[in-house]
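Written below as structure tokens is the structure these notes are about.
The values are calculated or read from the model by the stated rules, or taken from the named source; none is laboratory data. Please read these numbers as outputs of a predicted model, since none were measured by experiment. For neighbour counting, all protein chains shown are included, and Cβ atoms are generated from backbone atoms with ideal geometry for every residue, glycine included. Side chains included, ligands, DNA and RNA excluded: accessible areas come from the protein's heavy atoms. Shrake-Rupley method; radii C 1.70, N 1.55, O 1.52, S 1.80 Å.
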Amino acid sequence: MPATVVDDAQVGDRADFDSETESVCPFCGVGCKVSLKVKDGKVKYVEGINGPANEGRLCVKGRFGFDYIHHPHRLTKPLIRRDDAPAKGLNVDPGNLMTHFREASWEEAMDFAAKGLVKLRDADPKSVAGFGSAKCTNEEAYLFQKFIRQGFKHNNVDHCTRLCHASSVSALIENVGSGAVTATFNEIVNADVAIIIGANPIENHPVAATYFKQFTKRGGKLIVMDPRGVGMRRFATEMLQFRPGADVSMLNAIMNVIVEEELYDSQYIHRWTENWEAEKEHLRAFTPEAMSEICGIEPEQLRRVARIFASAKAGMIFWGMGVSQHIHGTDNSRCLISLALMTGNVGKPGAGLHPLRGQNNVQGASDAGLIPMFLPDYQSVMEDDIRKSFTDVWGGGDFSNEKGLTVTEIVDQVYAGNIKGMYIQGENPAMSDPDAEHAREAFAKLDLMVVQDIFLTETANFADVILPASALYEKNGTVSNTNRQVQRVRPAVAPPGEAREDWKITVELAQRIGLPWAYGDVSEVFAEMKLNMKSLDNITWERLETETITYPSLHETDPGQAIVFGDGFPRPEGRAKVTPASVIPPDEAPDAEYPMIMTTGRQLEHWHTGSMTRRSLVLDAVEPEANCSLHPRTLRALGVEPGEMVRLTTRRGSIEIMARADRAVAEDMVFVPFAYVEAAANILTNPAIDPYGKIPEFKFSAVRVEKAQGRIAAE
């Protein structure tokens with residue numbers, strides 16, 4: 001791929017700015033601290049500053065992706081769907097909104113939204129559901145879940161964690177008692193071995209990847225496990241390129257060796273775990289020889305990896321959505337947790353479990369209760385005393401003690417006609433949901449869709465009323481990164497036109513549906529969160545003015561604990577649980593009609609559904625066109641040259657997309673990024689879900705790949 005040169009004309013004279021504001025990058029979960037340089041009311045350029053997660057470093061998205069906030073497609077006025085508008089669908093040109101929508105005042109738009117929600121609530125409160133956002137602040141996530149629970153008396157509210165790490169959170173809560181990381185990624189400085197599995201940090205968490213590279217340069221042993229030959233393989237001591245969907249067989253084989261060769265930490269297991277004897281007995285059947293046939297890794301390499309990890313003084317395990325986005329994603333995570341526990345690698349320097357979070361505030365939004373079965377701090381909605389602790393603060397009486405519906409379950413209920421109204425803030429499920437055509441057909445059936453966003457996203461195409469919101473660089477509040485680090489964000493510029501901060505919109509909408517909300521400043525929301533969130537103990541708004549604080553913070557001057565569970569786990573008797581996992585095949589297997597395997601993910605230049613990065617001048621110039629990756633031998637067998645178009649077909653649908661040659665992809669696989677609406681990967685993906693985390697199987701679909709008739713794509 002040709003390099004893209006960014007010259008001074010694009011960023012201007014770096015000494016010439018009117019003001020600078022300290023904030024946090026709006027992209028991945030690393031949470032890089034940034035300084036925003038503003039000239040004439042616009043962000044002119046961005047520099048990394050010395051935050052604990054980045055130490056001044058930025059990736060290409062953080063450094064050059066800021067200009068999306070000034071794109072002409074920004075929503076600047078409330079919009080209401082025209083009475084004579086065409087049928088709902090993906091057919092609205094962001095540059096020509098007025099054929100489908102008409103401009104409205106805030107008064108009219110909010111009245112339209114509120115009256116529509118109240119009408120549905122009066123008929124059936126469960127006919128309204130909500131999708132909140134991991135792109136917004138902690139305070140905005142907290143208010144959103146409160147809006148649904150207090151306003152509609154149920155728990156049908158969710159967000160994108162359901163589509164990324166829900167299975168990881170499920171397994172962590174089950175086995176160690178907490179859904180967050182047990183150690184920050186910076187702790188790799190104290191490790192002597194690390195596993196990275198199902199993650200591609202060089203592209204998806206580039207700044208975190210710099211710490212991993214430094215670790216190997218200091219002599220640390222890196223074990224990379226992935227069906228693709230991801231970029232970190234260049235730094236790996238061992239690279240295990242296993243068959244897609246075979247994680248459990250591979251990990252159980254590694255643990256089998258640790259058991260059979262008695263490499264486990266008996267003292268740690270006896271003191272801090274339960275269910276070990278059952279796990280030992282379960283693992284006896286998973287010999288490297290037996291599992292090699294399933295996972296495609298030679299027995300001797302499985303033994304070698306087991307010995308390397310088990311003999312280390314301190315080891316860390318990092319994983320991404322390649323682990324979690326399977327119907328057996330919770331079992332994958334259970335295996336990783338068991339591997340860490342049996343080797344004593346939790347609760348000490350250089351050791352721990354760390355699922356790398358994908359969106360900038362998915363950790364914080366989850367902590368704040370934007371989950372259908374949990375209130376803030378992962379407190380069960382089913383416990384009467386827990387709900388009472390919240391309703392005592394909120395007022396307005398009790399709400400449901402039943403677990404709410406998840407993202408995919410809500411969409412299914414919309415399709416079935418049982419949910420008739422939705423409030424969607426900063427999410428784009430028309431692009432991010434599996435079997436996206438099904439989701440789009442569902443949204444077209446809604447009686448009322450209220451969308452609050454910064455662009456006319458694919459989801460906003462289906463809206464009845466659109467409320468123009470604020471980007472992260474226009475917000476005041478806090479966010480929490482993958483390291484459990486709570487950081488302030490501050491507005492560098494005002495939202496464009498009549499757009500407003502998200503928390504203010506939600507507060508006014510709550511008031512209009514009859515809730516007794518009164519917040520004069522976002523700091524008051526943070527203060528309310530602290531009343532029922534022990535994770536925020538000793539973290540004050542005043543401290544956050546000048547500090548980044550890692551939760552838990554043990555006292556009012558403690559910067560926070562990078563490592564947790566050194567003295568036990570928040571489970572019965574302080575013990576973690578070791579949970580056996582059996583091999584479960586993917587929901588669908590390749591066959592004669594669909595002979596290959598499709599997996600999905602992100603690229604370095606584009607993030608999530610592309611609504612932000614594809615409106616950034618530099619990032620879109622570097623990666624302007626939808627593309628997929630296949631092995632060169634596969635392309636030759638298909639008679640396809642790199643740059644030509646291929647047609648991908650699964651049991652859900654078909655797309656046409658430009659093909660690239662990539663030796664990192666196995667010969668029976670195709671990798672498809674999901675940022676491109678013109679070739680949306682999620683038209684193809686499988687909606688089958690993990691029974692525990694309720695997460696879809698994005699990472700494995702049986703697919704047919706054919707040469708498409710037509711043009712050669714422009715590079």
_segment 248-340: trypsin sites (Lys or Arg not before Pro) in DSSP loop, at most 15 other beta carbons within 10 Å_ = R284, K313
*Please report the Cα spread of segment 301-380 along all three principal axes, rounded to whole Å, starting with the longest.*
41, 29, 24
_Can you order the peptides 222-233, 70-81 by their average number of other Cβ atoms within 10 Å per residue, highest first?_
222-233, 70-81
*Would you mind pulling out the separation of the Cα centroids of segment 460-504 and segment 272-348, in Å?*
40 Å
*Estimated inter-spin distance, L531 and R647, nm [label 7 Å along Cα→Cβ]*: 6.0 nm
*Where Lys and Arg each count +1 and Asp and Glu each count -1, what net charge lies around S611 among other residues with Cβ under 13 Å from its Cβ?*
0
*How much accessible area per residue does the chain have, in Å², with a 1.4 Å probe?*
34 Å²
*How large, in percent, is the carbon and sulfur part of the accessible surface of segment 591-713 at a probe radius of 1.4 Å?*
51 percent
*Just how far, in whole angstrom, is segment 186-207 from segment 636-699 if you go by their alpha carbon centroids?*
26 Å
_Explain nothing, just the number: dipole magnitude of segment 466-617 about its Cα centre with +1 on each Lys and Arg Cβ and -1 on each Asp and Glu Cβ, in debye rounded to the nearest 20._
80 debye
*Label-point separation, I584 to M382 (7 Å along Cα→Cβ), nm*: 1.8 nm
*Antiparallel bridge percentage (DSSP; both residues within the chain; nearest 5)*: 50 percent
*Determine by what factor the alpha-carbon radius of gyration of segment 604-712 differs from 2.2 N^0.38 Å, reporting the quotient.*
1.10
*asked:* For the chain, what does the helix formula give at 222 nm: sum of -39500 (n - 2.57) over DSSP H segments with n ≥ 4, over the residue count, nearest 500 deg cm²/dmol?
replied: -8500 deg cm²/dmol
*With a 1.4 Å probe and every protein chain kept in, tell me what percent of the accessible surface of segment 474-533 is carbon plus sulfur.*
49 percent
*asked:* Strictly greater than 25 Å: what percent of every Cα pair in segment 130-269 meets that?
replied: 45 percent
_Compute and list, largest first, the equivalent-ellipsoid semi-axes of the chain from the alpha carbon gyration tensor, each √(5λ) rounded to a whole angstrom._
37, 31, 26
*asked:* If R₀ is 25 angstrom, what is the calculated FRET efficiency for the pair T287 and Q267, using the beta carbon separation as r and rounding to 0.05?
replied: 0.45
*Measure out, as a whole number of angstrom, how far apart the alpha-carbon centroids of segment 581-633 and segment 532-555 sit.*
38 Å
*If contacts are Cα pairs under 8 angstrom and at least 6 residues apart, what is the relative contact order of segment 110-242 in percent?*
15 percent
*What size of dipole, in debye to the nearest 20, comes out for segment 588-686 about its Cα centre when the only charges are +1 on Lys and Arg C-beta atoms and -1 on Asp and Glu C-beta atoms?*
160 debye
*Apply 1/(1 + (r/R0)^6) to the Cβ-Cβ distance of E103 and T391, taking R0 = 41 Å, and write down the FRET efficiency to the nearest 0.05.*
0.55
*Rounded to the nearest whole Å³, what is the per residue volume of the convex hull around the Cα atoms of segment 445-587?*
225 Å³
*Just for segment 605-715, what percent of DSSP beta bridges are antiparallel, to the closest 5?*
75 percent
_Cα-centred dipole magnitude for the chain, charges only on beta-carbon of K, R (+1) and D, E (-1), debye, nearest 20_ = 680 debye
_Leaving out ligands, DNA and RNA, and with a 1.4 Å probe, what % of the accessible surface on segment 309-413 is carbon or sulfur?_
48 percent
*Near K153, which lysines are there with a Cα under 28 Å away, not counting those fewer than 8 places off in the same chain?*
K115, K119, K126, K135, K388, K403, K420, K445, K504, K530, K534, K694
*Full extension from Q511 to D124: what is 0.36 nm times the residue separation minus their Cα-Cα distance, to one decimal in nm?*
137.4 nm
*lysines near K221 by alpha-carbon distance under 25 Å, same-chain residues fewer than 8 away left out - which ones?*
K213, K313, K348
*Are there chymotrypsin sites (Phe, Trp or Tyr not before Pro) in segment 500-568 that DSSP puts in a loop and that have at most 13 other Cβ atoms within 10 Å, and which ones?*
none
*asked:* Under the 0.36 nm per residue contour assumption, what length would be gained going from the current alpha-carbon distance of R490 and L90 to full extension?
replied: 140.6 nm
*Which order do D398, D464 take by accessible area at a 1.4 Å probe, largest first?*
D398, D464
*Figure the gain on full extension for S35 and D111 (residue separation times 0.36 nm, minus the Cα-Cα span) and round it to one decimal in nm.*
23.5 nm
*Separation between the A15 and E498 pseudo-spin-labels, each 7 Å from Cα along Cα→Cβ, expressed in nm?*
4.4 nm
*If you line up the Cα atoms of segment 150-220 on their principal axes, what length do they span on each, largest first, in Å?*
55, 27, 20
*From the residues I689, V465, A518, which one has its Cα farthest along the dipole of the chain in the positive direction, the dipole being from +1 and -1 charges on Cβ of Lys/Arg and Asp/Glu about the Cα centre?*
I689
_Segments 248-260, 370-382, 651-663 sorted - mean Cβ within 10 Å per residue, highest first_ = 248-260, 370-382, 651-663
